[in-house]
Structures are given as structure tokens and as C-alpha cells.
Amino acid sequence: MLRSMNKRSSNILAELLLRHASLARGKPIDYEQPQAAFTEALHHIPVDDALLYDGSGVSRYNLVSPAGTVKLLEASEKYPSIMDSLPIGGKDGTLADRKLPRRIHAKTGSLTGVQALAGYDDGEPFAVMINHGPPDETVMIEAIDRIVRGR
């Protein structure tokens, strides 16, 4: 499920995975206080500046910095299935048509005026985010790809 969710960027699967993980811990999600589910699930990861409202990331109430994202990726390194589930630059999933080298395993994220790419560059965690970008998302995507290629 993780691989399909990340490769295709499936918001529905992300929401279902959060609900399943919460129920597996014996704690149904409280839709009035969704932050509690994330706080409990991620309590061992030192990401103090994150506010996570939903599993898919499409809510504008979600707030996380690139530094916080990198901390999450660093904590995830001990789970190879996570990196293996991410799209590969220029090869598959949401990165199939991007001009990125295959050493990039990363997840895209987008909202109106926002573009992000976070994952691993040859195993090294990174996160690039653009907020309040131009209306043409292509400009932001190309800028992020140039940054990542130049790392």
C-alpha cells in the first residue's frame, strides 16, 4: 500500500493509511483534533515545528518546514521500504517525466502556489519547498529540479 500511495501520490491511500495506523494503535482518529493522531504516531521524531492536519497533505492547515521534513526523512532511514516506495527521478511515478537523475527517490507535493520535493539524493535526505510561487507551477517545478540536480 505504501509503494502504491507514494508512487502515484494517492491522497485517498494516504488518508486510509493514517486511519489504519491510528486504529491499529487502538485510537480512532478524532476529526476535531487530528493533530493528536500524528503526535502519538510520530512522538519519537523530534519535529517540533510541524502541524499535521490530514494524512494526504492537502489541507492548508498542514505546516512543516523543510528542516522538519528532513528530520522525518532521517528518522525514516531505518525503514528501507519507505525509500523504496518513493518515485525515482526520470523513471516512475510522479517523477517519471521530471529531468532528475535516478539517484533521486522523492515525493512531490503541491497546492496552489506551493510546490515541494522531499526525499533522498543517493541516500541523503533533502527537502525543497516553494511557497507563494508564481501561478505557473512549471516555473516552480523547474526551479526545484535545478536545485536538486545541483546538490
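Tabulated data
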{"read-out": "Hits in segment 118-135 - residues which are exposed (fewer than 11 other Cβ atoms within 10 Å of the Cβ) and over 13 Å from residue 77 (Cα atoms)", "value": "131, 132, 135"}
{"read-out": "Helices (runs of 4 or more DSSP H) lying entirely in segment 44-151 (those with 2 or more residues that are under 15 Å from residue 8 (Cα atoms) and either modelled with pLDDT of 95 or more or among the aliphatic types (A, V, I, L, M) (or both))", "value": "80-85"}
{"read-out": "Selection from segment 93-107 of residues that are β-branched (Val, Ile, Thr) and either surrounded by fewer than 19 Cβ atoms within 10 Å (Cβ to Cβ) or touching a Leu at 6+ places or on another chain (Cβ under 6 Å) (or both)", "value": "94"}
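The values are calculated or read from the model by the stated rules, or taken from the named source; none is laboratory data. What you see is a predicted model; the values in this text were computed from it and never measured. Methodologically, a virtual Cβ is constructed for each residue, glycine included, from the backbone with ideal geometry; neighbour enumeration extends over all protein chains shown.
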